[in-house]
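See structure below.
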Amino acid sequence: MRKHYPVILHTDDGVAYGVTVPDLPGCFTSGDTLEEALSNVQEAVEAFLFDADKAPEPSAPGAVLALAEAEGGVLAFVELDLAFLDKEPVRVNISVPRFRLERIDAAAKKLGLTRSGFLVQAAEALAERKHP
């Protein structure tokens, strides 16, 4: 699910930018360029809403511009992918060689995890790696 959220951009020197997300008080990010600052908003929102069940609805532009934090800033809109909030489990069917499944089950048991929990954590760790 994608939604456009208003953000406030601030810069002192026209080079580095700070970004606040008024609908998520305390959520902010920055970047050395305007493009970098805006692209960092997705990651900041995901960290801010890590344990949330849902995101607030985006505010109307007029309401955001009336905020004290908007003073001296520029209103912009960022499209956010809120799919990370959908935590409903989905059953999947995968094929794994038997000897690997036994290794997975043993490692999961050692860590006190279910097979599913272990596989999800392993996949997330691999997905977070920086690849050349």
Exercise. Quick one: would you say A108 is touching a Lys or Arg at 6+ places or on another chain (Cβ under 8 Å), assigned to a helix (DSSP H, G or I) and of a type in the set (G, A, S)?
Worked result: yes
Problem set entry | Enumerated strands (runs of 3 or more DSSP E) restricted to the range 1-95, each holding at least 1 residues that are under 30 Å from L119 (Cβ atoms) | 2-10, 74-81
Exercise. Going by the conditions given, is F48 assigned by TED's automatic domain parsing to the domain that holds V21, within 18 Å of V19 (Cα to Cα), out of contact with any helix residue (DSSP H, G or I) (no Cβ under 7 Å at 6 or more places or on another chain) and in contact (Cβ under 8 Å) with a residue 40 or more places away in the chain?
Worked result: no
Problem set entry | Qualifying position, being over 19 Å from H4 (Cβ atoms) and at pLDDT 95 or above, among A60, A107, A37 | A107
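The values are calculated or read from the model by the stated rules, or taken from the named source; none is laboratory data. All of these numbers come straight from a predicted model, not from anything done at the bench. In this analysis, Cβ positions are derived from the backbone assuming ideal geometry, glycine residues included, and neighbour counts consider all displayed protein chains.
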